[in-house]
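Report on the structure given below.
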Amino acid sequence: MEKTNWLEKLIVVGDRVLIQPKSESSKTTSGLYLPPGYKEKEEVQSGYVVKTGPGYPIPLPSDGADEPWKPKEEQINYIPLQAQPGDLAIFLKKGAVEIHYHNQKYYIVPQHSILLLERDELD
């Protein structure tokens, strides 16, 4: 089965990001040096964003609460996440959950555990 096919089946929930860890290095591809000793502490990890969740849900206004006979519209709005697929993310490992899926190692990371994003092209 092709990698993109089974990754499309995954749905990332809420404010979480699916990250594939990259090989250990002391600097990023653009030359950003990571702090010395981060490997020993293993508090900081880096990897590439594979998928993102929809974001933070916004509560719906309570319109129609006094009119229960009206049909309720189930349209949920989200505040989108900053992370986008393809970004290099530097995140706190203690906030991440490590999973293995199709013999690959991934991290599920909440948006608040991401410290820095590196994007090749800015919008």
Q: Take region 84-123, drop everything but the C-alpha atoms, weight them equally and run the Debye formula without solvent; then report log10 I(q)/I(0) at 0.16, 0.29 Å⁻¹ to two decimals.
A: -0.46, -1.02
Q: Report H100's accessible area, 1.4 Å probe, all protein chains in place, as a number in Å² to the nearest 10.
A: 130
Q | Solvent accessible area, Å² - K9, 1.4 Å probe, full protein context | A | 140
Q. Between Y78 and residues 5 or more places away or on another chain, which pairs have amide H atoms under 5 Å apart, with H built 1.01 Å from N, and which residues are they?
A. I58
Q. Amide H to amide H, which residues 5 or more places from V44 or on other chains are under 5 Å from it, using H placed in the peptide plane?
A. K93
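Evaluate E = 1/(1 + (r/R0)^6) for E43 and H100, where r is the Cβ-Cβ distance and R0 equals 30 Å; express this FRET efficiency to the nearest 0.05.
On the way: r = 22 Å, r/R0 = 0.72.
Calculated transfer efficiency: 0.90.
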Q: Mind grabbing the accessible area of Y56 for me, 1.4 Å probe, Å², rounded to tens?
A: 90
Q | Integer Hz, Karplus 6.51/-1.76/1.60 couplings in order for region 78-94, x for Gly and Pro | A | 10, 8, x, 7, 6, 5, 10, x, x, 5, 8, 10, 10, 9, 7, 5, 5
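The values are calculated or read from the model by the stated rules, or taken from the named source; none is laboratory data. Just so we're clear, the structure is a prediction, and the values are computed from it rather than from any experiment. Heads up, the Cβs are rebuilt from the backbone with ideal geometry, glycines too, and the neighbour counts pull from every protein chain shown. In case anyone asks, the SASA skips ligands and DNA or RNA and just uses the protein heavy atoms, side chains included. Shrake-Rupley method; radii C 1.70, N 1.55, O 1.52, S 1.80 Å.
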